1. Looking only at segment 278-291, decide whether some residue is touching a strand residue (DSSP E or B) at 6+ places or on another chain (Cβ under 6 Å) and part of a helix (DSSP H, G or I).
2. Does any residue of segment 385-396 turn out to be under 18 Å from the mean Cα position of the chain (by Cα) and modelled with pLDDT under 95?
3. Take the residues in segment 301-334 that are more than 24 Å from the chain's Cα centre (by Cα) and in a loop (DSSP other than H, G, I, E, B); name whichever of them is surrounded by the fewest Cβ atoms within 10 Å (Cβ to Cβ).
4. Looking at segment 223-255, which of the residues that are free of Cβ contacts under 8 Å to residues at least 40 places away in the same chain and within 21 Å of the chain's Cα centre (by Cα) is farthest from residue 115 (Cα to Cα)?
5. Kindly indicate which of 408, 329 is closer than 30 Å to residue 262 by Cβ and touching a helix residue (DSSP H, G or I) at 6+ places or on another chain (Cβ under 6 Å).
6. Could you go through segment 178-199 and let me know if any residue there is part of a loop (DSSP other than H, G, I, E, B), surrounded by 19 or more Cβ atoms within 10 Å (Cβ to Cβ) and at pLDDT 90 or above.
7. Do we find that residue 221 is outside any loop (DSSP other than H, G, I, E, B) and surrounded by fewer than 22 Cβ atoms within 10 Å (Cβ to Cβ) in this structure?
8. Give the residue that is surrounded by the fewest Cβ atoms within 10 Å (Cβ to Cβ), with candidates limited to residues of segment 335-348 that are touching a strand residue (DSSP E or B) at 6+ places or on another chain (Cβ under 9 Å) and assigned to a helix (DSSP H, G or I).
């Protein structure tokens, strides 16, 4: 698909990464992971994400140090950096912009490494499989980098995994998993189960064959929807560590937010929202990696969705319970809400649970879905949500968070942050209600 007037994927301008630049030693990675995890822990994260806008120079200095550390680690730590770039909404714009380079413009590996990996995976020289191949990556992020190439006269995007990244990611996850268990001891949070969930979902991202199947299924589901596009996959040019897809043009998120008319941003934001709600409530899955680098925008409001490596797949019974909780808010039934919240596993100690506070919190979160008037997402609204859910939460020790909610929270906060950056204003209640009250037909087997 092509859009005259659109910009293509944001190209990386970083120099190629020298061989062995990624920290691979156990001691080196363990030290850096522990340091960054502590820096991004609950109390430290609050300070980081609330850097005073009156001191932008300090914020940029902090962001620059983080980018340097994350870029040298790739993998898990870079994912944390990507999240900070769009969740740290109270950071000065200059600092957020610097962190945003981690979404697609981090340092790339040298082409000789790319060639060796592709030829080993596809079992043939690059020249025999591709008509042309751009040696310079146009995007590079946490797990791999992407090159433009040509197959049978058509442009394609070739995602190539960093060497040893699966082993390095596993190493990081083991350390962070141990930290989860320690940090959550004495709370209602299942630290071990959450660490296992994090490990399972993120290691799945290293399996490009699984991602290809995810992408093809979702593409087939959405192929008749004019508001969204999923790139096709070339299975003949893909493997476990190489993924070749249709090359799509479109504006990247940052440029779209800066230059698009607000009406177009409203339509695109609504399209992302509808796509996400239908995935969850109609088809029992969602993309657990909602960062801004995974969208391309078009002049007619259409959105191209990229990256299907982290797909959370639910049993329909779980979605039924989630719908019951949503319906209790939409129908303003406080008694049903208590039962539904408990059924979702969100109450750790019922006797100590402050349901009045939880009811207030949920009604705030559902504000966009309770009104038939247009609602505009904003960073102020999201900041209040964060404050109610984390900093001021009266149920910190009586509430609970099942392992499944690890990525649900990542999605909810990520989606709200993206819509706020777009200043998206629309009637969100109608598509939300339609999805919640629709039958659930799972697209995938649960994971």
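1. The answer is yes, given that some residue of segment 278-291 is touching a strand residue (DSSP E or B) at 6+ places or on another chain (Cβ under 6 Å) and part of a helix (DSSP H, G or I).
2. Our first condition is that a residue be under 18 Å from the mean Cα position of the chain (by Cα); within segment 385-396, this holds for 386.
From what is left, the residues that are modelled with pLDDT under 95 are 386.
Yes, the conditions are met somewhere in segment 385-396.
3. By that ranking, first place goes to 331.
4. 232
5. Going through 408, 329 in turn, the sole match is 329.
6. Taking every residue of segment 178-199 in turn, none turns out to be part of a loop (DSSP other than H, G, I, E, B), surrounded by 19 or more Cβ atoms within 10 Å (Cβ to Cβ) and at pLDDT 90 or above.
7. yes
8. So the residue we want is 338.
The values are calculated or read from the model by the stated rules, or taken from the named source; none is laboratory data. Just so we're clear, the structure is a prediction, and the values are computed from it rather than from any experiment. All Cβ positions, glycine included, derive from the backbone under ideal geometry; neighbour counts span all protein chains shown.
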